[in-house]
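So the structure is just underneath, and the comments pick up after that.
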Amino acid sequence: MLRNITLSADEQLIARAREKAVAAQSTLNVEFRKWLSGYATAKDDAAIDRFRSVMKELAQADPGRSFSRDEMNER
């Protein structure tokens, strides 16, 4: 189900965006939906990089022994 939303933007910006969409044989509405979908699903690259960095550092960790199931589940 599609919902309508109202946005405010500079008239000249909207006009340029419409021209660009027409040149791409599209509409401003379609292009905005594409942008919104990407924006909503984009992953935070910085967070991913931090996660990978931490995991790389933790790969070097060695507790020196194996833990039992009970030890791993202790709180």
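Data overview
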{"read-out": "Value of D in µm² per second that Stokes-Einstein yields for segment 11-61, Kirkwood Rh from Cα pairs, at 4 °C (1.567 mPa s)", "value": "94"}
{"read-out": "Packing rank of 3-14, 26-37, where each peptide gets the mean count of other beta carbons within 10 Å, highest leading", "value": "26-37, 3-14"}
{"read-out": "Degrees between helix 28-41 axis and first principal axis of the chain (Cα, 0 to 90, nearest 10)", "value": "10"}
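All of the numbers you see were taken from the coordinates with simple rules; none came from a lab. Computed from a prediction, not measured in an experiment: that's the story for all the values here. Using ideal geometry, Cβ is built from the backbone for each residue, glycine included, and neighbour counts are taken over all protein chains shown.
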